Structures are given as C-alpha cells and as structure tokens.
Amino acid sequence: MTDRSADLIVTNGRVLTMDEGCPAAQAVAVRDGLILAVGACAAIEALRGPATQVIDARGCSVVPGFIEAHMHLFSGAAELAHLQLAGVHGFDALRDAIRVYAAQRPEARMLVGQGADYTVLGDEPVTRKHLDAIVPDRPFCMAAPDHHTMWANTMALEQAGVLHGRALGPGNEIVMGEDGLANGELRENEAFGPVLALAGEQRVRLGLSTGGEPDPVPSAEERASDRAIMRRGLAWCARHGITSIHNMDGNLYQLELLADIDAEEGLPCRVRVPFHFKNFMDLAMLDKAAMMAERFRSDRLASGTVKVFYDGVLDSWTAVMLEPYADRSDWLGEPLFSPERFKELAVEIDRRGLQIAVHSIGDGAVRAVLDGYEAARKANGVRDSRHRVEHIEVVSATDVPRFAELGAIASMQPPHPPGAMGFPLEPTVSRIGRARWPLSYAWRTLKEAGAHVVFASDWPVSPIDPIRGMQAAILRERWAETDPDQSFTLMESLAAYTVEGAYAEFAENTKGRLKPGFMADLVVLSADVEQTSPQDLHRVQPVATVCGGKVTYRA
C-alpha cells in the first residue's frame, strides 16, 4: 500500500493563504512539491506519517513564498562583497569607510563601493578630486543606489581610458571638468563600464551592459567562480523568503550557470531570465530571445521575456520626461530608442509571442512604451500578452487608464520613492517638480484604475527584503498634503509580492497562493504580521523558506 502521508507539515501558524476561498488557516501539508491540504491543525496533523518533516510556526504568520518581480541576481550577488555605503554622509565618514575597506583588501585590483547617495557630500557634487584625497594610489569607484551614476578617482579614470572623455551613445555621459578632463562623474553604463571592467567582474554585468555572452569563453575555473557568485545570490534570496525571481537583465550565460546549479543540487529559487535587447542590436537578434524561451521553459528555470531600457533615472536627468525637468528647464532627457523604433521592436517581440518588460521611469518613457504596446496590439491582434512597464516613477494622467486598457502590468518598487527606507528627498523631489508629485510613484492611482500592480526591490538598487518593501508601501507618506495617498494596506502589499507576481509570469493558477494543487512555495515568519505595528515590520524575518516542498532556508 502506498504511503499517502505528507512530506512536510507546517503547523500552529497564522496562515495567510491569499486564496479567497479559504483566506486563513492554521496549518499546511505538502507532498511531492505541491500543497496537499490547508486547514485546521487537527485535520493537517492527520496527514502526518513517520517520515513527515514538521515545522512549528509557533503562532506566527505563514505566507506564500515571495515573488521578487524585478531584481538583478548576478550583479547583486557579486556586490555583496563590495563596500556598502548606504547611510554614509559627509567627507570624513566617506573617507573612513573607504580607507578601512581598502586596508582589508590589499590584493584587490579595483576597489568598488555601492549605494553612495547623490548627496553623500551634502550640496557639494562628488568629483575625482574628493576621491583622490581619500585613495590616490589605487583605482576606486562608487555607485549611486540606482546604479545609473558612478564616481571614480583619477587613477580609475586613467586606467579605464576615459580621463580625456570618449564618444558615447545617447543617454550616456562622461561629465567633463573645466580643465578638459573627466571630473569623475559617469552617467549610465557606457560611461562607467570601462571603469567597472578594471575590477574583473565583467561577466556578472554582461546581462545588463551588452546582453551578450562572455568573450573569450570562460575557463572551467572562471565558470566555477561564477557559479559560486550565483549560489551566493540565490542563498541571499532564500534567506529573505524569496521563492521566485524575475531577473531583469539577462543572457544565455546566466541561464546556463543556473541550469548547472539546478542539475547539481536543485535551484533554491525559481528563476526567470530575460533576453536583454540593447539599442545597438537589430531585430534579427530576437531569434536568440526565441531560442532562449524555447530551451528554458520549466517551472524552475525559464526565459520568454525581452527586457529593454527606454530611459535612465531622475537623479542624473537621464529619465525621459514629457515636460522639462523642474530644475533644468531646457531638458527632457534623451531616450535610448526613438518612439518609432521602439514601436517596431514591440511589434516584433509581441509577434513572436514573447513578453516585454521595459525600464520606463519618466512620464515620457512610460508614454512611449505604452504607445509601443498599443502598436503591437494593432499589428498583431489582441492577446493576453501581459507586457510590463518597469518602475513608472512619474506617469501622466492621460496614461493612467491605458495600463488596464492594454493589459499592461505596472511593475513598481516600494523602496524607491524619496523619503522611503531612508532615501533622501533631495535632489529627486525638486527635480520632479511639485506639479508632478501627485502622479509620482503612483501605486494606488494605478491600482484603482484597474492596473495589475506588482512589487519588487530592484535589488541591488534597494535592499532585497520583501518585508521591508511591504513596510515601505504601508508607511508611504505624501510629500504635500494635497497629494493623493499612494500607500497600500498590509494585505495589498502582500498580494503585490505574491499573487500579482505570479500573475506577471502567467502562473496565477500554480503559485502565489497557498492552495491545494499549487506549488509548495511558502515562508514561515518570526511574528504574526497582522498583529505587528507597521513601524515594527522591519523586525519580522523569515525563519523558514520552502520552495517546491524543499526547505531552502532555516534561521
């Protein structure tokens, strides 16, 4: 007789199932990687057998596994070893942090810092001369939290061959000083890519920088090193309760590394990796996107999405606006694609049945991307495409209803608004301008207009922790009394990290809820989130993460 007992039981919990038919329960049973049953402790206990693994939730919340719908796995994993500068302010504090880090790494070819605020020196812009005064004899660079601006010292600029400037594509800039040399500020990837290359970490950024493959082909040792970096990132995700990842940069190499890990020990998180289409590519490159989608299509590792960057970010004036910046009256930002070229691209990706996800921060970028999705519908006919608009930091009133009309997903990040999670208000709020505040980071406005709003961190741009992201959404404050309230409730925030994430990847019938027959992806938390004040949510942590019925993290 076959044993029909559960492989795993989570009991004594406050189970938030996200299933309307059975919204709350005490226990969950798992068998063969799927949810077997959800219900009262006694009913689930009856499914316990001699080999059943049991997790006692001790009266704490049990929720569906978090779906991190916008992140950068490979580069984020590499950055875990870099100098972390979040919260460092003032020249003295910056100097001390860099010198301590440098002293600990005498062998490093290049010193790299992450998360330096645009206002790290107050109102004074950072230049290479500030960094030379801290570390003159070793190449050093540091990135802003958004990863769209870097600052480098003279030695790094010189070794990278950009001290005297160089020709770059649209939207990229090496800021030049009055002396005719680079002043140290580098805007967007083409500008700072050569500097970062000095660190020898080019392969981790290829999915972002070129969308192409490593050249030369990595040696066995290099590939093993890259797998170790990827494992570190996956473990970091599992530790934060993440069971599914929508990576937002990609190439075939990342998929192959992940496939190696899956074959060796099984992936601790489900991963979707897109093909990254860059503005220097021609449409024939989409054959590769189709090949990746065909080759990788399991519930553990999949492709099928094409990622595109349409603009940059607000803080470096590289986001594309409909009206000029409030603090730069002659400037709208420069798009990475013309609106007409983007329409052609959207039509062709959509024709192949692939999903599109576009980085669109300014309201001008959002408009152009929605126009592209509309063109794809007209050319190819209406289908359930679920094309995505990533970030949407500013949107126009005209474009708000178009998300629901076009079936486009609003993919947004609660940690990003100035004032959230310790991010400074300036320079961003002044750059946006008060007239645009009501439609900035407009989560609730879009949700109430019928859009599917999905949440994520954009790690490593923001801390990865989904619970802190939920807290940021719940505690969201207006910049002016007259602005609409854009905050989310606890359950709306949880849905945006679970149910909506599943919907964004066409998996709403298999994941994102704790429901019989669904994938056994769940998180046991350290407290009852419904009884925790929003101000204290950041103290709540995963104590166990389960993906496909397998425990991938235990505190």
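The values are calculated or read from the model by the stated rules, or taken from the named source; none is laboratory data. Just so it is clear, the model here is predicted, and its values are computed rather than measured. Cβ coordinates were reconstructed from backbone atoms using ideal geometry, including for glycine residues, and neighbour counts include every protein chain displayed.
Any residue that is of a type in the set (Gly, Ala, Ser) and at pLDDT below 95 - is there at least one of those in the range 171-179?
yes
Take the range 210-244 and flag every residue that is among the charged types (D, E, K, R), touching a residue at least 24 places away in the same chain (Cβ under 8 Å) and not in a helix (DSSP H, G or I).
Scanning the range 210-244 gives a single hit, Glu213.
Please list, ordered by first then second residue, the pairs with beta carbon atoms under 6 Å, 6 or more apart or interchain, first in the range 358-370 and assigned by TED's automatic domain parsing to the domain that holds Ile392, second of a type in the set (Lys, Arg).
These pairs meet every condition: Leu370/Arg402.
Can you tell which of Ala293, Ala375 is without any contact (Cβ under 8 Å) to a residue 60 or more places away in the chain and among the small types (Gly, Ala, Ser)?
Ala375
From the list Arg388, Arg352, Arg436, exactly one residue is among the basic types (Lys, Arg), at pLDDT 95 or above and more than 18 Å from Lys307 (Cα to Cα). Which is it?
Working: Arg388 fails: more than 18 Å from Lys307 (Cα to Cα); Arg352 fails: more than 18 Å from Lys307 (Cα to Cα).
Result of the check over Arg388, Arg352, Arg436: Arg436.
Here are some conditions: (1) at pLDDT below 95; (2) in contact with a Leu (Cβ under 6 Å, 6 or more places away or on another chain). Ala182 meets all but one. Which one does it not meet?
Exception for Ala182: condition (1).
Do we find that Ala302 is assigned by TED's automatic domain parsing to the domain that holds Phe342, surrounded by fewer than 24 Cβ atoms within 10 Å (Cβ to Cβ) and in contact with a Ser or Thr (Cβ under 7 Å, 6 or more places away or on another chain) in this structure?
Taking the combined requirement at face value, the residue does not satisfy it.
Each row is one residue, and each column tells you yes or no for (1) touching a residue at least 60 places away in the same chain (Cβ under 8 Å); (2) part of a loop (DSSP other than H, G, I, E, B); (3) surrounded by fewer than 22 Cβ atoms within 10 Å (Cβ to Cβ).
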residue	(1), (2), (3)
Ala502	yes, no, no
Glu508	no, yes, yes
Gly517	yes, yes, yes
Thr552	yes, no, no
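Take the range 372-384 and flag every residue that is in a helix (DSSP H, G or I) and more than 24 Å from the chain's Cα centre (by Cα).
Glu374, Ala375, Ala376, Arg377, Lys378, Ala379, Asn380 - these are the residues of the range 372-384 that are in a helix (DSSP H, G or I) and more than 24 Å from the chain's Cα centre (by Cα).
Looking for something under 16 Å from Ser411 (Cβ atoms) and surrounded by fewer than 21 Cβ atoms within 10 Å (Cβ to Cβ) - is there at least one such residue anywhere in the range 338-348?
No, the range 338-348 contains no residue that is under 16 Å from Ser411 (Cβ atoms) and surrounded by fewer than 21 Cβ atoms within 10 Å (Cβ to Cβ).
Exactly one of these conditions fails for Glu481: (1) in a loop (DSSP other than H, G, I, E, B); (2) in contact (Cβ under 8 Å) with a residue 12 or more places away in the chain. Give me its number.
Evaluating Glu481 over (1) in a loop (DSSP other than H, G, I, E, B); (2) in contact (Cβ under 8 Å) with a residue 12 or more places away in the chain leaves (2) as the failure.
Can you tell me how many residues in the range 333-357 are under 13 Å from Arg388 (Cα atoms), among the small types (Gly, Ala, Ser) and touching a residue at least 60 places away in the same chain (Cβ under 8 Å)?
1
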